[in-house]
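Just so it is clear, none of the values below were taken in a lab; they were calculated from the coordinates. Keep in mind that this is a model prediction, so the values were computed, not measured. Neighbour counts run over all protein chains shown; Cβ positions are idealised from the backbone, glycine included.
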Ligand SMILES: Nc1ncnc2c1ncn2[C@@H]1O[C@H](COP(=O)(O)OP(=O)(O)OP(=O)(O)O)[C@@H](O)[C@H]1O
């Protein structure tokens, strides 16, 4: 199995403070990773390294076999799909859902010319359908609910047929129904053998879809645990990660966590 991502002794330092602190981490082809950790732990910073938008202060980052610093990132970026809040902010609100997905194929955020290939449009509609967004194709992005926007952005990230798919808090801000709908769809994607390798940042273990294989826990820029989810997603590791006593339970193929009550 070849490596999709390899970080060796990576630190990102800002104002003399490490945001990511000597992280070594390997993601192999086909793996689906979840990154968990408290606010400010460095999760988004790790995703920014993985997407080639951030370079490490020290250490080496290799993405899809190419080392950052020794590769043209403009050739690398079209091979990486990314969906997250930062992307949502860049999307023109008056652009249709279909165009929001289609423009990804051309490395743009906004509709430029009416010259999209018919096959691209067919593919965009098929992906929207898989994410339950077919009937929204002609709606403008700005009129969508939070959940619909998130599904549109995931469709956009998949449109380019990436080798690595990065999802930054895809379920944040969704209500229970919206979260469960998204988890089911991500589960289908995660279990699809031809889907790309995936890395998802989340704050809640309840958002981990079935099919995710590995977990990386981060606290204050340092890796607390990393490896197969069934070995590493333990009460002990999660408590260390969040700095309070937590119990994590698995029920069938889903996870849940809760804090122990305070002693009175
Ligand atoms: N350019 C920067 N300069 C200084 N500090 C920064 C910079 N970018 C991020 N930080 C800090 O780095 C830390 C890690 O940020 P990051 O966004 O990676 O955390 P996170 O785990 O994704 O947090 P959250 O769960 O709140 O989204 C935070 O304390 C943040 O304030």
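Can you name every residue in the stretch 183-224 that is assigned to a loop (DSSP other than H, G, I, E, B) and closer than 14 Å to residue 42 by Cβ?
203, 220, 221, listed by residue number.
Is it true that residue 79 is away from the ligand (no atom under 16 Å from the Cβ), touching a helix residue (DSSP H, G or I) at 6+ places or on another chain (Cβ under 9 Å) and touching a residue at least 60 places away in the same chain (Cβ under 8 Å)?
Answer is no for this residue.
Identify all residues within the stretch 42-67 that are touching a helix residue (DSSP H, G or I) at 6+ places or on another chain (Cβ under 8 Å), in a loop (DSSP other than H, G, I, E, B) and touching a residue at least 60 places away in the same chain (Cβ under 8 Å); write none if there are none.
Residues satisfying the conditions are 51, 64.
Yes or no: the stretch 61-69 includes at least one residue that is within 13 Å of the ligand (Cβ to nearest atom) and surrounded by fewer than 16 Cβ atoms within 10 Å (Cβ to Cβ).
no
Among the residues of the stretch 165-186, write down those that are surrounded by fewer than 22 Cβ atoms within 10 Å (Cβ to Cβ) and touching a strand residue (DSSP E or B) at 6+ places or on another chain (Cβ under 9 Å).
169, 172, 183
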